[in-house]
Amino acid sequence: MPELPEVETVMRGFRTAFEGQRIRHVTVNRPDLRWPFPLDLRERLEGQEVLSFHRRAKYILMRVGNGMSMMLHLGMSGRLLLGQSGMNTTPPRHEHLVLETENEARAGLVDPRRFGMVDLVPTDHEDTHRLLSGLGIEPLSDKMTGPYLHSLMQSRRTPIKTALLDQRLIVGLGNIYVCEALFRSHIHPTRAATSITLQEANRLATFIRAILTEAIASGGSSLRDYVQADGTKGGFQDLHLVYGREGEPCSYCATGYTVSRITQSGRSTFYCANCQK
DNA sequence: ACGCTATCCTGATCGC
DNA sequence: TGCGATCAGGATAGCG
């Protein structure tokens with residue numbers, strides 16, 4: 001589910017609710033998601049002050065006072081429900097982990113498909129965690145330039161769409177935002193990554209940055225079950241120009257072409273066969 | 001060495 | 001209304 005804008009939105013809500021507070025209670029409702037929860041998750045977090053929140057790729061990092069960081073990945077269907085403790089409401093289905101603070105802030109991790117993950121890592125060594133150490137560049141950082149993107153694409157013998165989904169090269173993009181970025185850049189998704197010119201890489205860099213920035217500003221894309229931490233829906237799905245719009249007229253080339261859908265490495269790709277070359 | 005695929009799960013939706 | 005098939009925003013292990 002969540003790509004960079006959704007994870008960033010969730011992380012900001014989590015930060016607003018939890019930063020500076022002390023964790024009073026941790027409830028672990030099952031032993032694992034994609035991987036087992038750390039056996040000492042509860043004892044490592046309870047009683048700790050929440051120092052700060054960060055995002056790396058699609059991971060949320062919560063740093064606490066004992067030098068540990070909780071890593072959280074939402075997978076495909078993960079949501080973080082923020083609220084107050086003691087409301088006596090029925091817990092939602094698939095709420096696998098609950099954090100509560102001394103000030104009654106409550107965060108529940110709901111993940112029906114259980115593709116998400118939670119782990120602990122020493123804050124000083126976050127970057128060496130096996131899931132973080134191989135990650136590519138942050139698309140909203142200064143490293144994300146056309147020339148650098150161009151050089152990254154030269155090393156992959158896959159379609160450009162597949163390469164942009166590869167978190168070892170550039171992080172944060174998922175199926176939606178890759179489709180949208182290629183559409184706005186007028187690049188055909190099946191093109192070999194190595195065929196991307198510098199000029200096209202410049203366009204891609206510009207649009208990737210723009211799309212992610214716009215999506216964060218509108219609170220992410222709400223499809224199916226994604227909502228922001230405060231329960232409101234994001235609004236970026238209304239700005240999708242191709243994703244999920246198979247058969248609809250292309251919004252750019254006004255020639256009667258409609259949005260096509262193909263499958264690439266098992267995932268749907270949406271594009272305009274006329275204006276993406 | 002690299003790239004493709006099958007796979008982990010549940011739930012929503014679609015066609016019959 | 002019911003039922004089976006299909007699809008879903010991710011990322012890995014394992015295979016060729």
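The values are calculated or read from the model by the stated rules, or taken from the named source; none is laboratory data. Predicted model only: the values in this text are computed from it and were never measured. Cβ sites come from the backbone with ideal geometry, for glycine too, and all protein chains shown count toward neighbours. Just so you know, the surface numbers come from the protein's heavy atoms only, side chains and all, with ligands and any DNA or RNA stripped out. Shrake-Rupley method; radii C 1.70, N 1.55, O 1.52, S 1.80 Å.
Quick rundown of the values:
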| read-out | value |
| --- | --- |
| Checklist (1) more than 20 Å from the chain's Cα centre (by Cα); (2) outside any loop (DSSP other than H, G, I, E, B); (3) hydrophobic (A, V, I, L, M, F, W, C) applied to A:Leu39, failing item | (2) |
| Answer from A:Gly86, A:Gly47, A:Gly108 - the residue that is open to solvent by 50 Å² or more (accessible area, probe 1.4 Å) and either in contact (Cβ under 8 Å) with a residue 12 or more places away in the chain or among the hydroxyl-bearing types (Ser, Thr, Tyr) (or both) | A:Gly86 |
| Set A:Val64, A:Val118, A:Val171: member being in contact (Cβ under 8 Å) with a residue 60 or more places away in the chain and either more than 16 Å from DNA strand B (Cβ to nearest atom) or outside the structural domain of A:Phe18 (by TED's automatic domain parsing) (or both) | A:Val171 |
| Where A:Gly134 falls short, out of the listed (1) in a helix (DSSP H, G or I); (2) touching a residue at least 12 places away in the same chain (Cβ under 8 Å) | (1) |
| Yes/no for A:Arg93 being within 16 Å of DNA strand C (Cβ to nearest atom) and either open to solvent by 50 Å² or more (accessible area, probe 1.4 Å) or hydroxyl-bearing (Ser, Thr, Tyr) (or both) | yes |
| Within segment A:138-152, considering residues that are farther than 30 Å from A:Gly65 by Cβ and out of contact with any helix residue (DSSP H, G or I) (no Cβ under 7 Å at 6 or more places or on another chain), the one least open to solvent (accessible area, probe 1.4 Å) | A:Leu152 |
| Scope segment A:119-133; condition closer than 13 Å to A:Tyr59 by Cβ and either open to solvent by 40 Å² or more (accessible area, probe 1.4 Å) or not acidic (Asp, Glu) (or both); matching residues | A:Asp119, A:Leu120, A:Val121, A:Asp127, A:His129, A:Arg130, A:Leu131, A:Leu132, A:Ser133 |
| Segment A:191-217, residues that are surrounded by fewer than 18 Cβ atoms within 10 Å (Cβ to Cβ) and touching a Phe, Trp or Tyr at 6+ places or on another chain (Cβ under 9 Å) | A:Glu214, A:Ala217 |
